[in-house]
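Step one of this worksheet: look at the structure below.
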Amino acid sequence: MLLEVFLLLGTLLIYFFFSKKNEETLPFKDGWWGRGQKPETKEDSSVRPFKVETAEEELSDLFRRLDQARFTEPLENSCFHYGTNSVHLRKVVSYWKNQFNWKKQVEVLNKYPQFKTKIQGIDIHFVHVKPPRLPEGQAAKPLLMVHGWPGSFYEFYKIIPLLTDPASHGLGDEHIFEVICPSIPGYGFSEAPHKQDFNSVSAASVFYELMLRLGFNEFYTQGGDAGCVICTNLAQIAPSHVKGLHLNMVLVSKLGLSHLLSILLGRYFPGLFGFQDEDVRRMFPFLKKWLYKILSESGYAHIQATKPDTVGCGLNDSPVGLAAYILEKFSSWTDMEFQNLEDGGLERKFSLDDLLTNIMIYWVSGCIVSSMRFYKENLQKGIGTQKHEKLTVQVPTGIAAFPNEILHIPQAWAKKKYTNIVSFHFMPRGGHFAALEEPELLAKDILQFVDKVEKEQLWKKKGE
């Protein structure tokens, strides 16, 4: 008991002396990412309709490359431990050539209205879905949803109807959303930046401009992976405009002494550090569930944060190589145990049509290199060194913690960054690609979070 008291007093002293509430906002990044010099004339702010289209020549070239693919025989009984298993990859490529109907999937992509508009010199692609119906006297709530890597705007296609028409899916009609899903610049059908230093703050600034251009002065944001960072930055840039921030992934870039103490002792004294039983189950033993996992799963990030173009050139030239690179992430990031399966468990959570549609977005747009560069732009200055990493977030925040996310961040850690967490839930199942894998679970969590923010008018209490 004395040890617990000593540690508690020590932690309080450390927190008092080394932490302070910083309510400073993040500066808006007004850049120019187009080719050449910024013109003196005013930028065209028109919003233009867009549809996904693919020429027959592109498809013929794709099939030629698939036919000429070279496969490497996998090691015996290696499953997905060495990455995508080529035995299963052959099956995927066979389906891709003989059964996958890209033209049909293009119709699926085009079922939701899509647009492009030029912001800071580059074309920004986005999906914009309005509710099919609204109860009398009710207004739709704008919701910006941002994907990550190696995903795309297509990740949200299954959750969009649950949010824009929740009543038809048994989710009630108290909160109905108007959903905006942009492609991060350099991803999908958004133009890639032509200059260096386009990072998450740049993307947040562009998406802030996008929401204002669409007429939304107040709105909600939601994201995971890179979308988590971008939406967090947006909440730091414009806290008076972001009514609420919902995340299905949280990143902590600053670890202090209190974190270290919780790592060393949290398994034995969870209450002392604000850990719940589920936190302990997901985090410990720490070496296995955190450190080793980081080492085994972060190799790609190191490459993309240092020399993205080198690997990217090969992936942009080979559809099979591109598929292998992306599919491996959809396997291990959905459930690490899937590495023990020869097929990587890919079709346990996703259909091949969904997986190949996401890959085709990367292929037909030729965006894999520019998407990988986003890691270098965000990490080349070091972790924990940028201003947005040092600032807190006061916007009402909801966190959906999925059990198979790559790393688990407990609420006790998250609240040091997000100081106004009003909803934190341990989700019963699901992994990294939550919107695509468990759309109903994620939609329900977004709805309950927004309900709490609206009923308690929490966005009006920011900074109080």
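Residue-wise test of (1) at pLDDT 95 or above; (2) more than 27 Å from ALA192 (Cα to Cα); (3) open to solvent by 30 Å² or more (accessible area, probe 1.4 Å).
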residue: ASP67; (1), (2), (3): yes, yes, yes
residue: TYR82; (1), (2), (3): yes, yes, yes
residue: SER86; (1), (2), (3): yes, yes, no
residue: VAL92; (1), (2), (3): yes, yes, no
residue: GLN99; (1), (2), (3): yes, yes, yes
residue: VAL108; (1), (2), (3): yes, no, yes
residue: VAL129; (1), (2), (3): yes, no, no
residue: PRO132; (1), (2), (3): yes, yes, yes
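Taking every residue in segment 316-331 that is in a helix (DSSP H, G or I) and pairing it with any residue that is of a type in the set (Lys, Arg), at least 6 positions away or on another chain, the pairs with Cβ-Cβ distances below 6 Å are PRO319/ARG65. In segment 407-437, the residue that is nearest to LEU255 (Cα to Cα) out of those that are in a loop (DSSP other than H, G, I, E, B) and in contact with a Pro (Cβ under 9 Å, 6 or more places away or on another chain) is ASN420. Residue count for segment 38-65, restricted to those that are out of contact with any strand residue (DSSP E or B) (no Cβ under 9 Å at 6 or more places or on another chain), part of a loop (DSSP other than H, G, I, E, B) and either at pLDDT below 95 or open to solvent by less than 100 Å² (accessible area, probe 1.4 Å) (or both): 7. Where helices (runs of 4 or more DSSP H) sit wholly within segment 217-314, those with at least 2 residues that are in contact with a His (Cβ under 7 Å, 6 or more places away or on another chain) and touching a residue at least 12 places away in the same chain (Cβ under 8 Å) occupy 226-237, 277-283.
When the test is whether a residue is modelled with pLDDT under 95 and of a type outside the set (A, V, I, L, M, F, W, C), GLY312 does not pass it. Selection within segment 104-133: residues that are charged (D, E, K, R) and in contact (Cβ under 8 Å) with a residue 40 or more places away in the chain. The member of this set that is farthest from ILE359 (Cα to Cα) is LYS130. Can you tell me which residue in segment 332-347 is nearest to the chain's Cα centre (by Cα), limited to those that are surrounded by fewer than 22 Cβ atoms within 10 Å (Cβ to Cβ) and in a loop (DSSP other than H, G, I, E, B)? Among residues in segment 332-347 that are surrounded by fewer than 22 Cβ atoms within 10 Å (Cβ to Cβ) and in a loop (DSSP other than H, G, I, E, B), the one nearest to the chain's Cα centre (by Cα) is TRP333. Does PHE6 satisfy the condition of being at pLDDT 95 or above and either surrounded by 10 or more Cβ atoms within 10 Å (Cβ to Cβ) or over 23 Å from GLY186 (Cα atoms) (or both)? Here the answer is no, as PHE6 does not meet what is asked.
Might you check whether a residue that is closer than 21 Å to GLY299 by Cα, among the polar types (S, T, N, Q) and more than 17 Å from the chain's Cα centre (by Cα) occurs anywhere in segment 392-413? There is no residue in segment 392-413 that is closer than 21 Å to GLY299 by Cα, among the polar types (S, T, N, Q) and more than 17 Å from the chain's Cα centre (by Cα). Which residues, taken from segment 368-409, are in contact with a Gly (Cβ under 6 Å, 6 or more places away or on another chain) and open to solvent by less than 10 Å² (accessible area, probe 1.4 Å)? Selection gives ILE368, SER371, MET372, PRO396, PHE402. Evaluate segment 179-200: report whether one residue or more is aromatic (Phe, Trp, Tyr) and over 25 Å from ASP354 (Cα atoms). Yes: one or more hits. When LEU260, LEU327, LEU234 are checked against the criterion of being out of contact with any Lys or Arg (no Cβ under 7 Å at 6 or more places or on another chain) and open to solvent by 40 Å² or more (accessible area, probe 1.4 Å), LEU260 stands alone in meeting it.
Within segment 176-211, being among the small types (Gly, Ala, Ser), in contact with a helix residue (DSSP H, G or I) (Cβ under 6 Å, 6 or more places away or on another chain) and closer than 16 Å to ILE368 by Cβ holds for SER183, GLY186, GLY188, ALA192.
Tell me which of these PHE350 doesn't satisfy, since it passes every other one: (1) more than 18 Å from the chain's Cα centre (by Cα); (2) over 27 Å from THR25 (Cβ atoms); (3) surrounded by fewer than 21 Cβ atoms within 10 Å (Cβ to Cβ). (1) is the only condition that PHE350 fails. Taken over segment 113-127, the criterion of being open to solvent by 30 Å² or more (accessible area, probe 1.4 Å) and either aromatic (Phe, Trp, Tyr) or closer than 13 Å to CYS181 by Cβ (or both) is satisfied by PRO113, PHE115. Looking only at segment 191-209, count every residue that is of a type outside the set (Asp, Glu) and either in a loop (DSSP other than H, G, I, E, B) or surrounded by fewer than 20 Cβ atoms within 10 Å (Cβ to Cβ) (or both) and tell me the total. Going through segment 191-209 one residue at a time, the tally reaches 7.
Residues that are open to solvent by 20 Å² or more (accessible area, probe 1.4 Å) and without any contact (Cβ under 8 Å) to a residue 40 or more places away in the chain were ranked within segment 146-175; the one that is nearest to VAL108 (Cα to Cα) is PRO161. Which of the residues belonging to segment 31-43 are acidic (Asp, Glu) and within 11 Å of GLY121 (Cβ to Cβ)? GLU43 - this is the single residue of segment 31-43 that is acidic (Asp, Glu) and within 11 Å of GLY121 (Cβ to Cβ).
Residues checked against (1) closer than 30 Å to TYR220 by Cα; (2) among the polar types (S, T, N, Q); (3) more than 27 Å from the chain's Cα centre (by Cα):
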{"position": "PRO74", "(1), (2), (3)": "no, no, yes"}
{"position": "TRP96", "(1), (2), (3)": "no, no, no"}
{"position": "GLN99", "(1), (2), (3)": "no, yes, yes"}
{"position": "GLU107", "(1), (2), (3)": "yes, no, no"}
{"position": "TYR112", "(1), (2), (3)": "yes, no, no"}
{"position": "GLY121", "(1), (2), (3)": "yes, no, no"}
{"position": "ILE124", "(1), (2), (3)": "yes, no, no"}
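The values are calculated or read from the model by the stated rules, or taken from the named source; none is laboratory data. Given the structure is predicted, the values throughout are model-derived calculations rather than measurements. Neighbour counts run over all protein chains shown; Cβ positions are idealised from the backbone, glycine included. We work out accessible area using only protein heavy atoms, side chains counted, and drop any ligands, DNA or RNA first. Shrake-Rupley method; radii C 1.70, N 1.55, O 1.52, S 1.80 Å.
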